[in-house]
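Some notes on the structure that comes next.
Only the coordinates and a few stated rules stand behind these numbers; no lab work does. Owing to the predicted nature of the structure, the values given are computational and were not obtained by experimental measurement. Quick reminder, even Gly has a Cβ in these numbers, built from the backbone with ideal geometry, and neighbours come from all protein chains shown.
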Amino acid sequence: MKDWITDYIERQKAAHDSIPHDQVADLVTLFAKALQEDRQILVFGNGGSAANSSHFATDLGKGSSDAIGKRFRVISLNDNVSWVTALANDHAYENVFSSQLQNYGKPGDLAMSLSVSGNSPNCVKGLQWAKDNGLTTIALVGAKRGRMAEIADHVIVINDTHYGRVEDAHMGICHLICYAFMEKPEIAK
């Protein structure tokens with residue numbers, strides 16, 4: 001077990017080391033612009049990526065907003081279970097994000113989706129709707145990249161295909177964005 005743990009941690013470090021610093025800095029700039037322009041930020045994913053989306057919306061909406069004294073308008077599209085299940089039941093599960101984006105998204109807003117495979121049909125469809133309707137699109141994906149990497153305006157690829165390691169690195173990116181505002185609040189101006 002000890003060897004397995006050592007190997008896992010080494011591979012986890014490699015996944016984190018593949019986070020592209022310049023691209024994360026670009027995202028911080030995008031989020032600062034969204035804040036200044038009072039844009040909506042819509043985040044979504046499935047499974048562990050849904051949890052990361054919720055966590056990110058909480059940290060950005062509360063922690064980052066408290067630190068800078070101005071509120072990010074951010075929502076995780078995963079968090080209204082009644083709405084997600086109604087859309088899945090009455091339409092199709094692949095429409096649970098694109099349908100919500102039709103209610104919330106406006107040109108100039110940000111749509112960010114997280115997916116290890118980059119091919120989750122509901123995330124692909126959500127990003128495509130966002131792109132087609134003038135939202136700035138962001139995809140955090142794993143090494144397989146998938147369709148999301150082809151659609152999104154801004155793509156960050158983690159160089160691994162292991163779900164746990166990629167999801168951990170994606171949450172690391174989300175924390176980098178949030179803590180940039182918490183620890184350097186002057187960037188919000």
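To the nearest 20 debye, what is the magnitude of the charge dipole of region 1-154 about its Cα centre, counting +1 on the Cβ of each Lys and Arg and -1 on the Cβ of each Asp and Glu?
Numbers: 15 positive and 17 negative charges, 27 e Å.
For region 1-154, the charge dipole is close to 120 debye.
Label sites at ASN80 and HIS154, each approximated as a point 7 angstrom past Cα along Cα to Cβ, lie 2.5 nm apart.
Each Lys or Arg adds one and each Asp or Glu subtracts one; over the other residues with Cβ under 14 Å from the Cβ of ALA180, this totals -2. Calculated [222 nm] ellipticity per residue, helices only, for the chain: -17000 deg cm²/dmol; basis is -39500 (n - 2.57) per DSSP H run with n ≥ 4, divided by all residues, nearest 500.
The residues packed around ALA51, meaning those with a beta-carbon under 12 Å from its beta-carbon, carry a net charge of -3 if Lys and Arg are +1 and Asp and Glu are -1. Output ³J(HN,Hα) for region 32-46: one whole-Hz value per residue in order, computed from phi by the Karplus curve 6.51 cos²θ - 1.76 cosθ + 1.60 with θ = phi - 60°, and x for Gly and Pro. Using θ = phi - 60°, the values come out as 5, 5, 4, 5, 4, 9, 6, 7, 7, 10, 10, 10, 7, x, 10 Hz. In order along region 168-176, phi translates into HN-Hα couplings of 4, 5, 4, 5, x, 4, 4, 5, 4 Hz, rounded to whole numbers, per the Karplus curve 6.51 cos²θ - 1.76 cosθ + 1.60 with θ = phi - 60° and x for Gly and Pro.
Each label point was placed 7 Å from the Cα along the Cα-to-Cβ direction; for HIS16 and ASP38 their separation is 3.9 nm. Name the residues whose placed amide hydrogens come within less than 5 Å of the amide hydrogen of VAL74, ignoring near sequence neighbours (fewer than 5 apart) on the same chain. Result for VAL74 returns ILE41.
Amide hydrogen proximity for GLY118: with H placed 1.01 Å from N in the peptide plane, the residues at 5 or more positions away or on another chain lying under 5 Å are GLY142.
In region 1-108, which GluC sites (Glu not before Pro) are in a loop and have at most 12 other Cβ atoms within 10 Å, using DSSP for the loop call?
Numbers: sites: GLU10, GLU37, GLU94; in loops: GLU37.
Filter output for region 1-108: GLU37.
A straight Cα-to-Cα reach below 28 Å connects LYS106 with the lysines LYS33, LYS62, LYS70, LYS125, LYS131, LYS189, residues fewer than 8 places away in its own chain not being considered. Whole-Hz Karplus values for region 124-131 come out as 4, 5, x, 5, 5, 4, 4, 4 Hz, taken residue by residue from phi with 6.51 cos²θ - 1.76 cosθ + 1.60 and θ = phi - 60°; glycine and proline positions read x.
Starting from one equal scatterer on each C-alpha and no solvent at all, send me the Debye-based log10 I(q)/I(0) for region 2-188 at q = 0.11, 0.14 Å⁻¹, two decimals. The Cα Debye sum returns log10 ratios of -0.45, -0.73.
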